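The block underneath contains the structure these notes are about, expressed in structure tokens.
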Amino acid sequence: MAEITITKDNFEQEVLKAELPVLVDFWATWCGPCKMLGPELAKLAEEQEGKLIVGKVNVDEEEELAAQFGVMSIPTMIVFKNGEQAGKKVGFAKKEDVLQFVEQA
């Protein structure tokens, strides 16, 4: 499954009500580390299809969501499990490290 775009309008449905864990990537088009992280998360989304949902929040378009979750630096990844925030990681990470972070959250 490809990554999904998360907005304030679909956040509750796609993240809080999801049956699978959701990794939400807060990013921006102008962010260098975000551009490096993007392909890693795209691979992770494909490899973990059916086990993990990967969502992306553009902080320039969704300032409200970024503020709601205290996103001060990007990229920031937040894992949600059963509608609850389970873990938060700031900065670039390789796909393997992101998967480990999700599993430990």
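The table below gives the values:
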quantity: Selected residue [of a type in the set (D, E, K, R), surrounded by fewer than 16 Cβ atoms within 10 Å (Cβ to Cβ), at pLDDT 95 or above and out of contact with any Pro (no Cβ under 9 Å at 6 or more places or on another chain)] from 40, 47; calculated: 47
quantity: Extreme residue, farthest from residue 73 (Cα to Cα), among residues of region 4-26 that are polar (S, T, N, Q) and not in a strand (DSSP E or B); calculated: 13
quantity: Which listed residue is touching a Cys at 6+ places or on another chain (Cβ under 7 Å) and at negative phi, from 74, 78; calculated: 74
quantity: Tally, over region 6-39, of residues that are more than 13 Å from residue 62 (Cβ to Cβ) and of a type in the set (Asp, Glu); calculated: 2
quantity: Verdict on residue 54 being among the hydrophobic types (A, V, I, L, M, F, W, C), surrounded by 18 or more Cβ atoms within 10 Å (Cβ to Cβ) and part of a helix (DSSP H, G or I); calculated: no
quantity: Residue 102 vs. criteria crowded, with 17+ Cβ neighbours inside 10 Å, assigned to a strand (DSSP E or B) and at pLDDT 95 or above; calculated: no
quantity: Any chance residue 43 is within 17 Å of residue 2 (Cα to Cα) and touching a Lys or Arg at 6+ places or on another chain (Cβ under 8 Å); calculated: yes
quantity: Close pairs (8 angstrom Cβ cut-off, 6 or more residues apart or separate chains): over 19 Å from residue 92 (Cα atoms) in region 41-64, charged (D, E, K, R) and loosely packed, with under 15 Cβ neighbours inside 10 Å anywhere; calculated: 62/8; 64/8
quantity: Failed item in (1) within 12 Å of the chain's Cα centre (by Cα); (2) surrounded by 15 or more Cβ atoms within 10 Å (Cβ to Cβ), with residue 18 passing the rest; calculated: (1)
quantity: Inter-residue pairs, beta-carbon under 6 Å, first among the hydrophobic types (A, V, I, L, M, F, W, C) and in region 85-98, second part of a strand (DSSP E or B) and at pLDDT below 95, 6+ apart; calculated: none
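The values are calculated or read from the model by the stated rules, or taken from the named source; none is laboratory data. Every value quoted in this text rests on a predicted model; they were computed, and no experiment measured them. We place every Cβ from the backbone using ideal geometry, glycine too, and count neighbours over all the protein chains shown.
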